[in-house]
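We did not get these values from a lab; they are worked out from the coordinates using the rules stated. Here the structure is a predicted model, which means the values were calculated and not measured. When we count neighbours, we look across all protein chains shown, and the Cβ atoms used for this are built from the backbone with ideal geometry, even at glycine.
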Amino acid sequence: MASKPLLVTERFRVEEVHQSLADGGTRTRAVVRHPGAVTIIPMVDSEHVCLIRNHRVSVQETLIELPAGTLEPPELPEATAYRELIEETGYRAQQLRSLHEFYLSPGILDERMHLFLAEELEFVGAQREPGEVIENLIVSWREAIKLVHDGVIQDAKTIVGLLMYDAILKRIPFVDS
């Protein structure tokens, strides 16, 4: 698959990709190349999660999300999760557990999201980047799941993270035995 760069930014690049087809033809697509990212479920205690209100310029809305951030290669996902949790929420985790990895929008984007559970949190103060408009929102686990079911939470990584961990908590089997 041959490609050529169309746009290069600080965090991602867009490439024109030429895919060879079985019939001898080719198909051209624009693909966003991304180094990957993490999202974290910060459990303040056994019953409460720290979500964030995050203003997103791309959609001109303030969304309710799990904290997240982009990998800075060669940084490992776990290191990114520890760093981003402090930056965005002000909490440092004593325990961090990998839960899952998934693609956000593989039709156009190769970003791989690494989902972590953060526990035994200690508040040390947020270290937000200039221009970030973020506010902590600590809610009960039940309220977080209700926000998903009521359509209030619209961010895909947050929906995936909360519902996946909720299934784990309820010990819902992912496949029939």
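DSSP beta bridges fully contained in the chain are about 85 percent antiparallel.
Relative to a virtual label point 7 Å from the Cα of GLU119 in the Cα→beta-carbon direction, which members of segment 52-89 show backbone nitrogen distances below 20 Å? Once the point is set 7 Å along Cα→Cβ of GLU119, 66-67, 78-79, 81-83, 85-86 turn out to lie under 20 Å by backbone N, inside segment 52-89.
Among residues other than VAL160 with Cβ under 14 Å from its Cβ, the summed charge is -3 (Lys and Arg +1, Asp and Glu -1).
Seen from TYR103, the other residues with C-beta closer than 9 Å to its C-beta sum to a net charge of -2, counting Lys and Arg as +1 and Asp and Glu as -1.
For LYS157, the lysines whose Cα comes closer than 25 Å to its Cα, not counting residues fewer than 8 places off in the same chain, are LYS146, LYS170. Note on the chain: with charges restricted to the Cβ of Lys and Arg (+1) and Asp and Glu (-1), its dipole about the Cα centre is near 440 debye. Between the alpha-carbon centres of segment 62-86 and segment 2-47 there is a gap of 18 Å. Gaussian network model of the chain, Cα springs within a sub-10 Å range: biggest mean-square fluctuation belongs to which of THR62, THR70, THR80? Answer for the Gaussian network model of the chain: THR62. Gaussian network model of the chain, Cα springs within a sub-10 Å range: biggest mean-square fluctuation belongs to which of LEU162, LEU85, LEU109? Result: LEU109 has the largest fluctuation of those listed. A dipole drawn for the chain from +1 and -1 charges on Cβ atoms has a positive end, and of GLY36, PRO67, LEU85 the residue lying farthest that way is GLY36. Taking the chain as a Gaussian network of alpha-carbon nodes connected by springs under 10 Å, the highest mean-square fluctuation of the residues THR39, THR26, THR158 belongs to THR26. For segment 1-62, the list of GluC sites (Glu not before Pro) that fall in a loop by DSSP and count at most 12 other C-beta atoms within 10 angstrom reads GLU10, GLU47.
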